[in-house]
Amino acid sequence: MPELPEVETVFRALQPHVEGQTIQKALYRSPKLRHKLTTEDSDLLNNKTIQFLHRRAKYILIELGNHEGILLHLGMTGSMRIEDHAAPFQKHDHTCLFFENGKRMIFNDPRRFGIFKYWNKHTKTEVQKGLQKLAPEPFDDAFTINSFIEKSKKSTKPIKNFIMDSRYVVGVGNIYASESLFRSGIRPTRKANKCTRKSLTALHGNMIEVLREAIQLGGTSISDFRTVDGSEGKFTQNLFVYGLEGEPCRKCENLIKRIVQSGRSTFYCPNCQK
Ligand SMILES: [Zn+2]
């Protein structure tokens, strides 16, 4: 599943191809995504010019100006392509925006958990309300060490579940939660309120650092993630625990363990993480 760094990578790759482009025609090839796609909506996109893109949590917003836009979410398996008008369609290409410059933007999603939703001034508040409810991102000024420690001290959840809880901070998904905890030497099963101030301070910094690094390297290519030009994310080489069950720890050579927490795999080094 694309996490924040992968979405940011897609967002940055799309930006130069999409901003300022006029949509000659929008084509919805299949109605079945998380929200149903309708031709009434695709017709409303024709002849609109994309003003700018921005990202909030794992959403990409395509702003068309005049209180109109498209809300985009990659879901589990969504990907975007920019290609020539005449390129052949592929299986699971759901939406296609043909631009006036001869290029088109495709949204492909085999598992169909993604979102590609047109909004306008009538539905804007619904979209905005949803986005406003989101907790700060790790890079936001609002995500301070003190507020992080204060909230941790009130939670009896395992620390990994706590940092993945989008009510406190958004964008720390499964891969980056495991990696930040490894860098901080914290066992993922430790209760949030049982972590020391020192280790929570380290964790706060490491969450930000891991996500920054992953964005710089174009994300992590696990379960087929590819950016807009088809290239892989290079953070895969910086993984110390995620997906490495039974491999020797790169720091101490003890074997990496895998456990399941809230239905998700967690990887950690039993020696380095206490
Ligand atoms: Zn180790």
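Derivation of every value follows stated rules applied to the coordinates shown; laboratory data play no part. Here the structure is a predicted model, which is why all the values come from computation and not from measurement. So basically every Cβ, Gly included, is an ideal-geometry build from the backbone, and we count neighbours across all protein chains shown.
Of Y176, Y268, which residue is more than 16 Å from the ligand (Cβ to nearest atom) and within 23 Å of the chain's Cα centre (by Cα)?
On the way: Y268 fails: more than 16 Å from the ligand (Cβ to nearest atom).
None of the other options fit; the residue is Y176.
Do any strands (runs of 3 or more DSSP E) lying entirely in the stretch 62-177 carry at least 3 residues that are touching a residue at least 60 places away in the same chain (Cβ under 8 Å), and which ones are they?
Numbers: elements: 68-73, 79-84, 93-99, 103-108, 115-119.
Ranges flagged: 79-84, 93-99, 115-119.
One line per residue, one yes/no per condition, for (1) of a type in the set (V, I, T); (2) outside any loop (DSSP other than H, G, I, E, B):
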site: T9; (1), (2): yes, yes
site: L33; (1), (2): no, no
site: D43; (1), (2): no, yes
site: N47; (1), (2): no, no
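Restricting to the stretch 245-264, name every residue that is more than 20 Å from the chain's Cα centre (by Cα), away from the ligand (no atom under 11 Å from the Cβ) and assigned to a loop (DSSP other than H, G, I, E, B).
E245, G246
Could you please give the count of residues in the stretch 216-244 that are touching a helix residue (DSSP H, G or I) at 6+ places or on another chain (Cβ under 8 Å) and within 13 Å of the ligand (Cβ to nearest atom)?
Residues in the stretch 216-244 being touching a helix residue (DSSP H, G or I) at 6+ places or on another chain (Cβ under 8 Å) and within 13 Å of the ligand (Cβ to nearest atom): 2 in total.
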